[in-house]
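A.B. asks: Take this structure, written in structure tokens, and hold onto it; I'll ask about it next.
The values are calculated or read from the model by the stated rules, or taken from the named source; none is laboratory data. Only a predicted model underlies this, so the values are computations on that prediction, with no experimental measurement involved. Ideal geometry is used to build each Cβ from the backbone, glycine not excepted, and the neighbour counts take in all protein chains shown.
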Amino acid sequence: MTNARDTALDLIEFIDASPSPYHAAAEALRRLTAAGFTEVAPDGGWPSGAGRHVTVDGGSLFAWVVPDGAAPHAPFRLIGAHTDSPTLRVKPRPDTGSAGVRQLGVEVYGGPLLNSWLDRDLGLAGRVVVRTPDGLRTRLLRVHRPVLRVPQLAVHLDQDMRAGNGLKLDPQQHLVPMWSLGQPDDGAFKGFLGAELGVQAGDVLSHELVTYDLAGGTLAGLNEEFVSSARLDDLGCSHASVTALAAVAGQPAPQHVSALALFDNEEIGSVSATGARGAWLGRQLERSVLARGGTREEFLRAVGGSVHVSADMSHATHPNYPDRHEPQHQIALNGGPIVKMSANVLYATEARTHAAFLLAAEQAGVPVQYFVNRSGVRSGSTIGPYVAAGLAMPTVDVGNPALAMHSARELGGAADPAMLTAALRAFLAPA
Ligand code: ZN
């Protein structure tokens, strides 16, 4: 049994290994493989028997544990989380520049706090498709060097800000990272990618690359109460989910299939080939039943008896802005996992699933907090309602507390990762 500090440090390692959704899926795969899972290809034949299985599709991952003797209609206990985070993504023809500075065109991905991307030493990570004699190959790429930087305008030159009007940033004009000096050179970026990957520039066909802050995560605060890191939303819950599944996978299982879905593209609304608001998850679940000899009817029966815990980060009460929160539902860092409720079902939590999660938290011995929007405020949604609606699967939305959500550097509690992990573990292995 690891202690809370070890879990927080392990979370930091997980996040530092995951600068892009593709890297996050790869890191989750690495950890699950170490825990005895066997990888199957999305386009391969799927296993017909019991065991621990995992498949990766771009930045998304599906893992499932079939106990010995499980019927094809055995229900799922499913955890969902997401691998993507708001960032700046490199445009297809990025080579640009101004005033003798070579720059890289980027597009805003999701809803970042734009100011937080200024004055950071940025690396690049993602995937690149290259031509090889054997056909197209998708390569993961991580440039862990300070190759990019978006310098903020000096305060002396920002009349608006000096007048107290706040910082105004036009994403097209003001967020273009600089990376060298000289005239822009069309094709230079592809040359750079080719050199990084050891291939000819002409064989670099396409890329999805995001910027990330090179500063790694750390414990912070007087007594190391906090985790200060990029991408806590939602690698915090992805890490807890992977850790919980890996921990229970070897136990003699009850008669349900423990499953994990890590989705890409939550931050842009989940509509994509592997997002939560589409066919992808249903396809994975159904294939896992059909491969075991089940029928469509047995798949639908399994889903009908299933429960989904959607795990995504939530807002702790901000000490400098307590008025932005619902006063009767204050949320503390290190106060334990949060159940998210919304009368208008911005969160999918319903009474039955809420109760199921309470049982899991009770079994794990961890406290539960509640997030409700301040009346009249509509905050973000998450994967929970999409999975609930798309599959007609009862869902509870939970998460860990964080501040500065969607900043390039967020802040969480150092005790919360272990508590959420313990609750998810109990959900997958009820007493
Ligand atoms: Zn999130």
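A.B. asks: Regarding residue 375, is this residue in contact (Cβ under 8 Å) with a residue 12 or more places away in the chain, more than 21 Å from residue 233 (Cα to Cα) and hydroxyl-bearing (Ser, Thr, Tyr)? Step through it out loud before you land on a result.
C.D. replies: Values: in contact (Cβ under 8 Å) with a residue 12 or more places away in the chain: yes; more than 21 Å from residue 233 (Cα to Cα): yes; hydroxyl-bearing (Ser, Thr, Tyr): yes.
Criteria met by residue 375.
A.B. asks: While we're looking at this one, here's another question. Please enumerate the residues belonging to the stretch 217-241 that are under 17 Å from the mean Cα position of the chain (by Cα) and more than 16 Å from the ligand (Cβ to nearest atom).
C.D. replies: Residues satisfying the conditions are 217, 228.
A.B. asks: Quickly run through the stretch 212-245 and pick out the residues that are assigned to a strand (DSSP E or B), touching a Gly at 6+ places or on another chain (Cβ under 7 Å) and either of a type outside the set (A, V, I, L, M, F, W, C) or surrounded by fewer than 24 Cβ atoms within 10 Å (Cβ to Cβ) (or both).
C.D. replies: Our first condition is that a residue be assigned to a strand (DSSP E or B); within the stretch 212-245, this holds for 212-213, 218-220, 226-229.
The next check asks that each one be touching a Gly at 6+ places or on another chain (Cβ under 7 Å); those that pass are 212, 226-229.
Hits for the stretch 212-245 are 212, 226, 228, 229.
A.B. asks: Are any residues in the stretch 385-411 over 17 Å from residue 241 (Cα atoms) and in a helix (DSSP H, G or I), and if so, which ones?
C.D. replies: Of everything in the stretch 385-411, those that are over 17 Å from residue 241 (Cα atoms) and in a helix (DSSP H, G or I) turn out to be 385, 386, 388, 389, 390, 391.
A.B. asks: Taking into account only those residues within the stretch 372-393 that are closer than 16 Å to residue 76 by Cβ and either more than 16 Å from the ligand (Cβ to nearest atom) or aliphatic (A, V, I, L, M) (or both), which is nearest to the chain's Cα centre (by Cα)?
C.D. replies: Start the filter on the stretch 372-393 by keeping residues that are closer than 16 Å to residue 76 by Cβ, which leaves 383-384, 387-388, 390-393.
Among the residues that remain, those that are also either more than 16 Å from the ligand (Cβ to nearest atom) or aliphatic (A, V, I, L, M) (or both) are: 383, 387-388, 390-393.
Details: 383: 11, 387: 16, 388: 19, 390: 20, 391: 21, 392: 23, 393: 21 Å.
Per the criteria, the residue is 383.
A.B. asks: Name the single residue that is surrounded by the fewest Cβ atoms within 10 Å (Cβ to Cβ) among those in the stretch 291-307 being touching a residue at least 12 places away in the same chain (Cβ under 8 Å) and among the aliphatic types (A, V, I, L, M).
C.D. replies: 291
A.B. asks: Looking at the stretch 50-79, which of its residues are under 21 Å from the mean Cα position of the chain (by Cα), in a strand (DSSP E or B) and crowded, with 19+ Cβ neighbours inside 10 Å? Break it down stepwise before answering.
C.D. replies: As a first pass, look at the stretch 50-79 and keep what is under 21 Å from the mean Cα position of the chain (by Cα): 53-64, 77-79.
Narrowing the set further to residues that are in a strand (DSSP E or B) leaves 53-57, 60-64, 77-79.
Within the stretch 50-79, 53, 54, 55, 56, 60, 61, 62, 63, 64, 77, 78, 79 meet the criteria.
A.B. asks: Something else: Determine which single condition residue 257 fails, assuming it passes every other condition in (1) within 16 Å of the ligand (Cβ to nearest atom); (2) touching a Phe, Trp or Tyr at 6+ places or on another chain (Cβ under 6 Å).
C.D. replies: (1)
A.B. asks: What residue, of 364, 389, is buried (at least 20 other Cβ atoms within 10 Å of the Cβ) and assigned by TED's automatic domain parsing to the domain that holds residue 310? It would help to see each step written out before you state the result.
C.D. replies: Values: 389 fails: buried (at least 20 other Cβ atoms within 10 Å of the Cβ).
Just a single option satisfies the conditions, and that option is 364.
A.B. asks: Scan the stretch 370-385 and tell me whether some residue there is farther than 24 Å from residue 419 by Cβ and crowded, with 21+ Cβ neighbours inside 10 Å.
C.D. replies: The answer is yes; a qualifying residue exists.
A.B. asks: Would you say residue 83 is buried (at least 20 other Cβ atoms within 10 Å of the Cβ) and in contact with a Gly (Cβ under 7 Å, 6 or more places away or on another chain)? Spell out the reasoning first.
C.D. replies: Values: buried (at least 20 other Cβ atoms within 10 Å of the Cβ): yes; in contact with a Gly (Cβ under 7 Å, 6 or more places away or on another chain): yes.
Yes; evaluated as a whole, the condition is true for this residue.
A.B. asks: Please verify whether the stretch 420-429 includes one or more residues that are surrounded by fewer than 24 Cβ atoms within 10 Å (Cβ to Cβ) and either more than 22 Å from the chain's Cα centre (by Cα) or of a type in the set (A, V, I, L, M, F, W, C) (or both). Break it down into steps so the answer makes sense when it comes.
C.D. replies: Initially, the stretch 420-429 is screened for residues surrounded by fewer than 24 Cβ atoms within 10 Å (Cβ to Cβ), giving 425-426, 429.
Checking the rest, the ones that are also either more than 22 Å from the chain's Cα centre (by Cα) or of a type in the set (A, V, I, L, M, F, W, C) (or both) come to 426, 429.
Yes, the stretch 420-429 has at least one match.
A.B. asks: Moving to a separate point now. Determine, yes or no, whether residue 26 is among the small types (Gly, Ala, Ser) and under 30 Å from residue 89 (Cβ atoms).
C.D. replies: Working: among the small types (Gly, Ala, Ser): yes; under 30 Å from residue 89 (Cβ atoms): yes.
Answer is yes for this residue.
A.B. asks: A follow-up question, please. If you go through the stretch 28-35 one residue at a time, do you hit one that is touching a Gly at 6+ places or on another chain (Cβ under 9 Å) and in the same structural domain as residue 266 (by TED's automatic domain parsing)? Steps first, please.
C.D. replies: Of all residues in the stretch 28-35, those touching a Gly at 6+ places or on another chain (Cβ under 9 Å) come to 35.
Still in the running and in the same structural domain as residue 266 (by TED's automatic domain parsing): 35.
Within the stretch 28-35, one or more residues are touching a Gly at 6+ places or on another chain (Cβ under 9 Å) and in the same structural domain as residue 266 (by TED's automatic domain parsing).
A.B. asks: Let me ask something else about it. Among the residues of the stretch 263-275, is there at least one that is over 20 Å from the mean Cα position of the chain (by Cα) and in a loop (DSSP other than H, G, I, E, B)?
C.D. replies: no
A.B. asks: Next up: Quick check on residue 309: is it assigned to a strand (DSSP E or B) and either closer than 16 Å to residue 42 by Cβ or within 16 Å of the ligand (Cβ to nearest atom) (or both)?
C.D. replies: Values: assigned to a strand (DSSP E or B): yes; either closer than 16 Å to residue 42 by Cβ or within 16 Å of the ligand (Cβ to nearest atom) (or both): yes.
Yes; evaluated as a whole, the condition is true for this residue.
A.B. asks: Quick one: would you say residue 65 is over 24 Å from residue 272 (Cα atoms) and assigned by TED's automatic domain parsing to the domain that holds residue 175? Please lay out each step first, then the result.
C.D. replies: Values: over 24 Å from residue 272 (Cα atoms): yes; assigned by TED's automatic domain parsing to the domain that holds residue 175: no.
So residue 65 does not fit the description; no.
A.B. asks: Would you mention how many residues in the stretch 340-383 are part of a helix (DSSP H, G or I), at pLDDT 95 or above and not basic (Lys, Arg)?
C.D. replies: Quick first cut of the stretch 340-383, residues part of a helix (DSSP H, G or I) only: 351-364, 383.
Right, trim to at pLDDT 95 or above and you get 351-364.
Of the ones still in play, those that are also not basic (Lys, Arg) are 351, 353-364.
Result for the stretch 340-383: 13.
A.B. asks: For the stretch 128-154, give me each residue that is within 24 Å of residue 88 (Cα to Cα) and either of a type in the set (S, T, N, Q) or surrounded by fewer than 10 Cβ atoms within 10 Å (Cβ to Cβ) (or both).
C.D. replies: Those that are within 24 Å of residue 88 (Cα to Cα) and either of a type in the set (S, T, N, Q) or surrounded by fewer than 10 Cβ atoms within 10 Å (Cβ to Cβ) (or both): 138, 152, 154.
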